[in-house]
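The values are calculated or read from the model by the stated rules, or taken from the named source; none is laboratory data. Not measured: the values here are computed from a predicted model. Cβ: placed from backbone, ideal geometry, glycine included. Neighbour counts: every protein chain shown.
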Amino acid sequence: MRKLFVLLVAAAAILVPTQSATAATAKYTVSSAVSASSIDLGKTFVLSGTVSPNAKGKTVKIQRQYAGGAWTTIMTKTLSSTSKYSATIKPSKAGATKYRVVKAASSTRATGVSSTRTVTIYRWRYLIGLPNTSSPQSAVFRGDLYVKGTFFPSSFSIKQDEYVDWNLTGKACNRIKTYIGIDDDSVLGTTGTAYITNGGLDVLNGETTLAKQQSARYVLVNLSSTTIRFLPGVVSSSPSQAWVGYGSPQVHCAS
């Protein structure tokens, strides 16, 4: 009987550390969700979720990773009585950005890391300030312009029978906005048309019956190509003094 008792005690002593080691390897489970998959720079989104088992009163780290960069902790949040967290985030940089949540290890649980969530942050950029522009001709004016007395900075105008292309490869742009009208520097009586095309192939937007002393028209176009072509047609008795103006064109890019 004594031998049996000793053997049972020894067996129990062996089992206890093994069970503790097993418990310590169990990880926290951290869920995560974002309120939006894409936003404009300057706006906010919410990253939220739950830690299991309940770890109320403990903290989690909210981490961010830019493309090609390391994970960086941007804030900590205290878990609620139901072990939930919620973080309002205002990105400061455009681009596809990853986010995750980390719950540190405790005496009974190993570190838990949530799934990665990606939020794409867009910003409006003046088209005229971007590199990789080209024109097959020289009759393109870049700078400020007026259409019916309204001032438009960071603009350009194109003469009759000319066009200009912008190559946006690598900039992840999905929209363009601009004002279109006959430049006030054109001679009296100038009329025309203006087209924005998909690399010179598909017409994305067309404006007809443009005329001098007519207010500029606002245009917002979705982009499906990395090349944008501006192709105007101007009618004037003095072609060299007739211009279609594109007021403050901007592209919506995740870069």
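Check Ala194, Ala172 and return the single one that is within 30 Å of the chain's Cα centre (by Cα), on the phi > 0 side of the Ramachandran plot and not hydroxyl-bearing (Ser, Thr, Tyr). Before the answer, list the steps.
Working: Ala194 fails: on the phi > 0 side of the Ramachandran plot.
Every option except Ala172 fails the conditions.
Screening the stretch 178-231 for strands (runs of 3 or more DSSP E) wholly inside it with 2 or more residues that are out of contact with any His (no Cβ under 9 Å at 6 or more places or on another chain) and over 27 Å from Ser255 (Cβ atoms) returns the ranges 191-198, 202-211.
Sub-9 Å Cβ pairs linking a first residue in the stretch 141-153 that is assigned by TED's automatic domain parsing to the domain that holds Pro249 to a second residue that is surrounded by fewer than 16 Cβ atoms within 10 Å (Cβ to Cβ) and among the hydrophobic types (A, V, I, L, M, F, W, C), at least 6 apart or interchain, are Asp144/Phe151; Leu145/Phe151, ordered by first then second residue.
Yes or no: Lys43 exposed (fewer than 15 other Cβ atoms within 10 Å of the Cβ), more than 20 Å from Ala254 (Cα to Cα) and charged (D, E, K, R)? Even if it seems obvious, please write down each step before you answer.
Numbers: exposed (fewer than 15 other Cβ atoms within 10 Å of the Cβ): yes; more than 20 Å from Ala254 (Cα to Cα): no; charged (D, E, K, R): yes.
Against the criterion (exposed (fewer than 15 other Cβ atoms within 10 Å of the Cβ), more than 20 Å from Ala254 (Cα to Cα) and charged (D, E, K, R)), Lys43 does not qualify.
Based on what the data block shows, is Lys159 surrounded by 15 or more Cβ atoms within 10 Å (Cβ to Cβ) and in contact with a Leu (Cβ under 8 Å, 6 or more places away or on another chain)? Here the answer is no, as Lys159 does not meet what is asked.
Being within 18 Å of Asn167 (Cβ to Cβ), assigned by TED's automatic domain parsing to the domain that holds Val164 and among the hydroxyl-bearing types (Ser, Thr, Tyr) is true for just one of Ser236, Ser224. Which residue is that? Working first, answer last.
Numbers: Ser236 fails: within 18 Å of Asn167 (Cβ to Cβ).
Testing whether each residue is within 18 Å of Asn167 (Cβ to Cβ), assigned by TED's automatic domain parsing to the domain that holds Val164 and among the hydroxyl-bearing types (Ser, Thr, Tyr) leaves just Ser224.
When the stretch 71-116 is examined, which residues are found to be over 20 Å from Lys43 (Cα atoms) and either among the hydrophobic types (A, V, I, L, M, F, W, C) or not assigned by TED's automatic domain parsing to the domain that holds Lys43 (or both)? Answer for the stretch 71-116, where residues must be over 20 Å from Lys43 (Cα atoms) and either among the hydrophobic types (A, V, I, L, M, F, W, C) or not assigned by TED's automatic domain parsing to the domain that holds Lys43 (or both): Trp71, Leu79, Val101, Val102, Ala104, Ala105, Ala110, Val113.
Being at pLDDT 95 or above and surrounded by fewer than 21 Cβ atoms within 10 Å (Cβ to Cβ) narrows it down to one of Arg175, Arg229, so name that one.
On the way: Arg229 fails: at pLDDT 95 or above.
After ruling out the rest, the residue left standing is Arg175.
As for the stretch 91-100, it holds at least one residue that is in contact (Cβ under 8 Å) with a residue 60 or more places away in the chain, surrounded by 13 or more Cβ atoms within 10 Å (Cβ to Cβ) and on the phi > 0 side of the Ramachandran plot.
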